[in-house]
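Step one of this worksheet: look at the structure below.
Values in this text are rule-based calculations from the coordinates and carry no lab data. In this text the structure is predicted, and so the values were computed from the model without any measurement. Backbone-built Cβ (ideal geometry, glycine too); neighbour counts: all protein chains shown.
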Amino acid sequence: MENVLAVLNLGDLAHAFSKMGMFPVFDLAYYIVSILYLKYEPGSVEVSRRSPVASWLCAMLYCFGSYILADIMLGSSPLDYFQHNSHILLASAVWYLIFYCPLNLFYKCVAFLPVKMVLVGLKEVVRVRKIAAGVHHAHHAYHHGFFIMVIVGYVKGSGVALMSNFEQLLRGVWRPETNEILSMSFPTKASLYGAILFTLQEAHWLPVSKSTLILVFTLFMATCKVVMTARHSHGSPFALIESWVCHLLFGSPLCGDEDNHHPPAAVPSSPLKTKEELSEGARKRKAKKAE
Amino acid sequence: MENVLAVLNLGDLAHAFSKMGMFPVFDLAYYIVSILYLKYEPGSVEVSRRSPVASWLCAMLYCFGSYILADIMLGSSPLDYFQHNSHILLASAVWYLIFYCPLNLFYKCVAFLPVKMVLVGLKEVVRVRKIAAGVHHAHHAYHHGFFIMVIVGYVKGSGVALMSNFEQLLRGVWRPETNEILSMSFPTKASLYGAILFTLQEAHWLPVSKSTLILVFTLFMATCKVVMTARHSHGSPFALIESWVCHLLFGSPLCGDEDNHHPPAAVPSSPLKTKEELSEGARKRKAKKAE
Amino acid sequence: MENVLAVLNLGDLAHAFSKMGMFPVFDLAYYIVSILYLKYEPGSVEVSRRSPVASWLCAMLYCFGSYILADIMLGSSPLDYFQHNSHILLASAVWYLIFYCPLNLFYKCVAFLPVKMVLVGLKEVVRVRKIAAGVHHAHHAYHHGFFIMVIVGYVKGSGVALMSNFEQLLRGVWRPETNEILSMSFPTKASLYGAILFTLQEAHWLPVSKSTLILVFTLFMATCKVVMTARHSHGSPFALIESWVCHLLFGSPLCGDEDNHHPPAAVPSSPLKTKEELSEGARKRKAKKAE
């Protein structure tokens, strides 16, 4: 791959890309998309009216959850990133505009599909950079701690998703029957695979430079997320491979789209229901009522 | 304000007051009032009979929750404060006397209103000192981390209230529909405002000395809490100002006592219910039964 | 006791025993028994099929929960122990064999009672060593922090049990009405008493060498657990003494086997139910259905 890129004269591009600063443009896109997802959560608008402090805290978790989790994992202060006042102020401004802007103007602008697609793409650039930084940071602290590198890269990429149960609790919502690890969404899964790739690269088991890996993985993530946003899809491009690998390794029931659409009929009495299943159930019930 | 105090020769008083040691008298009052509130919690007496270890742990959280939370926030050991054996032993003695004293004698003494009013006043002295120390500590660690200062001062002032969901869980109680940030009580709110004031002072944006601020804020807090204890009130002196500010800034429904008595009728299906709402519901149901 | 041991020429034995390495044989037994208990948990097999990542994380919590908790308590990185790749790989291999071995062969071997009794005995050797190491580690960090020593030794001995509520949450199960501190199992209780003993030893208030204490306490724990495993019993050898002490000190209702079989009839409306009570209820309901 390195050779192919060299031929295409992409090595320099990758290096330049990997050195590009994220603040403020990319970070701004990250904050906007993250807080947009917070606003999509049922009940979050009521919370923003009733308790602005709780709403602001949730917004901060959405924007900086990855830093908080990674700092906890490495034994630093979970507030460490909050020393960057300009980042916090920028995220707070975004939070204010998305939740309290007159006529909901800002929200309507950024939720407009073409704008949102651009922002979602920019957000993935930040995510991949975070995974790489997380793995590198963990490598610095534990030179041979490969599991630690993967875990820190993973939480850096997944961010608030991994603590969604507790973020919801802050808003008075408690859904113990599922969590992001039991039923991983696409970005969480991709973060895990990305963290493994960057760890392999850091351990020199992957014959590719870090900047190239950043470029390639960013292109992959941005493309996937932009396409998924455009198609309002939650399917994962990994589904087919995963299904076969899980079937072979873990004896999981073989089913191409198991994770996203049809939970295996064999576990109807299971206490574990993914968000999809639950919302599917709700949809069916509504449909029944409508009839 | 500094001038006024100088004229009244209060500057020296403020300085002497801010240097006054808290151990053992003020700390003792703090422990007594805190564990008294623990005993008021429904079910806590049963827990003290069934599992003294759980009861003792809850008591320690009530007494030292602010230190535990602040240590976590700053990345130190959450047990750091437990190295002060004399404080732990004093708090443990108070816990034993309040829960297991023959004839409930100790409890009856300290819950006697005039005694309790004095103790509550002394407790607020400790609380304000903790907020100031928390902000100062955070300022030491993060010289320009204003958000960190506010958060650490806030958790130092609020203590166990901010982790009440998990403190209850230790006693086998789980109330996810509310938490101290969604529906802040007066001490929690005052701690937040106090933390902001002390942070402004630490950043030299407030033209007042720290000792004066400690004195004035202590007088305010002690007066409020003593009056509220005497009147068995949970209303907040901030309610009116807050209501207007929240209405202007966050579009919250305008309602003088919204936070304490009448939740806005517009969100009846909201999953979020404050303690007040819940207990109101319980009261109504009881009233109905009685009819 | 030191004298008696000297006469029996056991001092050298105790010293040699306390220097014996735990990796890999004893650690292997620890991992096998721990993950075996995970497989006994209702729903854990479904989780292993649906989400191998969640299942692996639970297995790691079962194997390394004591290290994670102790690191959190002392303000280190909770992932610190994960730098020992060989330990993690060994535990992961055990997890894979127990959950995914064809024909369930490995599980059947290690769950075979005579094999399990040996493994359970070996596990207790590791547990006692962990308590001693935890107390020693805390003593190193806080020279006079006796409470910290007890707490760290306790969490090192109890491990995942103390965070069982959150470990269950990872598998989509939420049982807030009980926890390991409200209704302690035998190993948790023994860990607490062991931590107190080792703290007394570390503070030179117990006239016995550490290696002797390790030997004696290991013999006690291993015997108890092997006998309990053989008899499928959950009763505690401490029950009688505890009942009297708790009655005298904390006014708990006097009842020889209260903790394990008959919860006091006086608290039927209590929101607190031990696992035993709950499973008893479930058993009764099943029995009723069967009739």
Open item on the list: Treating the point 7 Å from Cα along Cα-beta-carbon as the label, what are the nm separations from A:Leu249 to the other copies, to one decimal?
Closed with: 4.9, 4.9
TODO: Provide the packing ranking of A:89-96, B:227-234, A:126-133, B:153-160, i.e. peptides ordered by the mean count of other C-beta atoms within 10 Å per residue, highest first.
DONE: B:153-160, A:126-133, A:89-96, B:227-234
TODO: For the stretch C:99-165, calculate the relative contact order in percent as a whole number, restricting contacts to Cα pairs under 8 Å that are 6 or more residues apart.
DONE: 25 percent
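For the pair A:Asn104 and C:Leu89, what calculated FRET efficiency results from E = 1/(1 + (r/R0)^6), where r is the Cβ-Cβ distance and R0 = 45 Å, to the nearest 0.05? Let's see the in-between values first.
Numbers: r = 53 Å, r/R0 = 1.17.
Efficiency computed from Cβ-Cβ geometry: 0.30.
Could you order the peptides B:70-79, C:22-31 from most to least packed, using the average number of other C-beta atoms within 10 Å per residue? Please report the intermediate quantities before stating the final value.
Values: B:70-79: 21.7, C:22-31: 19.2.
Ranking, from highest mean packing down: B:70-79, C:22-31.
For the stretch B:38-111, what class follows from the C-alpha gyration tensor (a ≥ b ≥ c being the square roots of its eigenvalues): rounded when a/c is under 1.5, otherwise prolate if a/b is larger than b/c, else oblate? Walk me through the numbers before you get to the answer.
Numbers: a/c = 2.44, a/b = 1.90, b/c = 1.28.
Taking the square roots of the gyration eigenvalues as a ≥ b ≥ c, the stretch B:38-111 is prolate.
How large is the charge dipole for the stretch C:2-237, taken about the Cα centre, if only the Cβ atoms of Lys, Arg (+1) and Asp, Glu (-1) carry charge, to the nearest 20 debye? Working shown, then result.
Working: 17 positive and 12 negative charges, 107 e Å.
That gives the stretch C:2-237 a dipole magnitude of about 520 debye.
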Task: Qualifying chymotrypsin sites (Phe, Trp or Tyr not before Pro) in the stretch B:176-250, DSSP loop, other Cβ atoms within 10 Å at most 11 - done: B:Trp205
Task: Paramagnetic reach from A:Leu13 in the stretch A:183-211 [backbone N under 19 Å; point 7 Å along Cα→Cβ] - done: A:208-211
Open item on the list: Assume the label is 7 Å from Cα along Cα to beta carbon: what separations in nm does B:Met20 have to the matching positions in the other copies?
Closed with: 6.1, 6.1
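Give the shape of the stretch B:9-135 as rounded, prolate or oblate, defined through the alpha-carbon gyration tensor: a ≥ b ≥ c are the square roots of its eigenvalues, a/c under 1.5 means rounded, and otherwise the shape is prolate if a/b is larger than b/c and oblate if not.
Details: a/c = 2.37, a/b = 1.32, b/c = 1.80.
Oblate.
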TODO: Would you work out the relative contact order for the stretch C:1-152, in percent, from Cα pairs under 8 angstrom that are 6 or more residues apart?
DONE: 27 percent
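Evaluate E = 1/(1 + (r/R0)^6) for C:Val227 and C:His143, where r is the Cβ-Cβ distance and R0 equals 41 Å; express this FRET efficiency to the nearest 0.05.
Values: r = 38 Å, r/R0 = 0.94.
So the FRET efficiency works out to roughly 0.60.
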TODO: Give me the distance in nm between label points sitting 7 Å out from Cα along the Cα-to-Cβ direction at C:Leu206 and C:Leu249, one decimal.
DONE: 1.5 nm
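Find the eigenvalues of the gyration tensor of the Cα atoms of the stretch A:2-237, then list the square roots of 5 times those eigenvalues as equivalent ellipsoid semi-axes, largest first, in whole angstrom. Before the final figure, lay out each step's value.
Details: eigenvalues 178, 87, 55 Å².
After diagonalising the Cα gyration tensor, the semi-axes are 30, 21, 17 Å.
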TODO: At 7 Å along the Cα-to-beta-carbon direction for both C:Leu219 and C:Glu41, put a label point, then send me their distance in nm to one decimal.
DONE: 3.5 nm
Open item on the list: Per residue of the stretch B:43-57, what does 6.51 cos²θ - 1.76 cosθ + 1.60 with θ = phi - 60° give for ³J(HN,Hα)? Whole Hz please, x for Gly and Pro, Karplus curve as stated.
Closed with: x, 5, 5, 4, 4, 5, 7, 6, 9, x, 5, 5, 5, 5, 4
- [ ] Would you work out if the stretch C:107-206 is rounded, prolate or oblate? Take a ≥ b ≥ c from the square roots of the eigenvalues of the alpha-carbon gyration tensor; rounded if a/c is under 1.5, else prolate when a/b is larger than b/c, oblate otherwise.
- [x] oblate
Task: Inter-copy label distances at B:Leu89 (7 Å, Cα→Cβ; nm, one decimal) - done: 5.1, 5.1
TODO: Could you name the residue in chain A with the C-beta closest to the rotation axis that superposes chain A on chain C, along with the separation in whole Å?
DONE: A:Gly75, 4
Task: Cα-projected label distance for B:Phe166 with A:His136, points at 7 Å along beta-carbon direction, nm - done: 3.2 nm
Task: Phi to ³J(HN,Hα) by Karplus 6.51 cos²θ - 1.76 cosθ + 1.60 over the stretch C:203-211, Hz, x for Gly, Pro - done: 8, 6, 9, 10, x, 8, 6, 5, 5
TODO: Go through A:Lys19/A:Lys116; B:Lys225/C:Lys189; A:Lys19/B:Lys156; C:Lys39/C:Lys130; B:Lys123/C:Lys156 and tell me which ones have a Cα-Cα distance over 30 Å in this structure.
DONE: B:Lys225/C:Lys189; A:Lys19/B:Lys156; B:Lys123/C:Lys156
- [ ] Note down the net charge around B:Ala195, summing +1 for each Lys or Arg and -1 for each Asp or Glu among other residues with Cβ under 12 Å from its Cβ.
- [x] +3
